[in-house]
Amino acid sequence: GVEGPAQFAVTVQILDVELEPGAEFTYACPSSCDNVMFYGFKGSGVINDETAIGAQRIARFNTGDKTAQGAKVTAGDGGFRMMVFTGKMTKEKYVWHGPFVCANRASLMECFQQHQTGRFPPVRVKWDYKDASKTPK
């Protein structure tokens, strides 16, 4: 694999998997992680020869079960593309409403206020990041 420039405060793994028709992909959850989700977004496939997964579908694994530490995905007739999201559960409490997820209600209200006044999401770059043509070369 290739290690990218992203740095995270928690252990995560994010994979973009594209399979030709009939191709197989075998995934094993790293020992440092305990939460795995497959998100299908193009085509269809079958997990472990029994569970169908398709576009706009998520399969989450019970990695607490030691027999569920991995999976095989076989692409359907039209191929299959999915994202694999793996991480270590933080087991922190959270509150959410709409698109916002925060640690507590006060933070949630602050996000709404920032959004309503045009300050959310915060601007982290000097160019108009909403317009790809303005991204520096």
- Filtering region 101-137 down to residues that are closer than 21 Å to residue 90 by Cβ and either small (Gly, Ala, Ser) or touching a Lys or Arg at 6+ places or on another chain (Cβ under 9 Å) (or both), which residue is surrounded by the most Cβ atoms within 10 Å (Cβ to Cβ)? 107
- Query: Of the residues that make up region 3-26, is at least one buried (at least 17 other Cβ atoms within 10 Å of the Cβ) and either without any contact (Cβ under 8 Å) to a residue 60 or more places away in the chain or not in a strand (DSSP E or B) (or both)?
  - Reply: yes
- Residues of region 72-100 satisfying the condition of being modelled with pLDDT of 95 or more, β-branched (Val, Ile, Thr) and open to solvent by 20 Å² or more (accessible area, probe 1.4 Å): 74
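Given the options 130, 137, 91, 72, name the one that is of a type in the set (Lys, Arg) and touching a strand residue (DSSP E or B) at 6+ places or on another chain (Cβ under 9 Å).
The unique qualifying residue is 72.
Please enumerate the residues belonging to region 76-109 that are of a type in the set (A, V, I, L, M) and within 20 Å of the chain's Cα centre (by Cα).
We begin by selecting, within region 76-109, every residue of a type in the set (A, V, I, L, M); these are 82-84, 89, 95, 101, 103, 106, 108-109.
82, 83, 84, 89, 95, 101, 103 - these are the residues of region 76-109 that are of a type in the set (A, V, I, L, M) and within 20 Å of the chain's Cα centre (by Cα).
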- Message: Among the residues of region 27-60, what is the count of those that are open to solvent by 90 Å² or more (accessible area, probe 1.4 Å) and under 19 Å from residue 80 (Cβ atoms)?
- Response: 7
- Query: If you take the residues in region 27-49 that are in a strand (DSSP E or B) and more than 18 Å from residue 63 (Cβ to Cβ), which one is modelled with the lowest pLDDT?
  - Reply: 41
- Restricting attention to region 55-74, does a residue exist that is touching a Ser or Thr at 6+ places or on another chain (Cβ under 7 Å), closer than 22 Å to residue 25 by Cα and among the polar types (S, T, N, Q)? yes
- What number goes with the only condition from (1) open to solvent by 30 Å² or more (accessible area, probe 1.4 Å); (2) closer than 21 Å to residue 9 by Cβ; (3) touching an Asp or Glu at 6+ places or on another chain (Cβ under 8 Å); (4) not aromatic (Phe, Trp, Tyr) that residue 63 does not pass? (1)
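The values are calculated or read from the model by the stated rules, or taken from the named source; none is laboratory data. Quick caveat, the model's predicted, so the values are computed rather than measured. As a convention, Cβ positions derive from the backbone with ideal geometry for all residues, glycine included, and neighbour counts pool all protein chains shown. Each accessible area value is taken on the protein alone, full model and side chains, heavy atoms only, with ligands, DNA and RNA left out. Shrake-Rupley method; radii C 1.70, N 1.55, O 1.52, S 1.80 Å.
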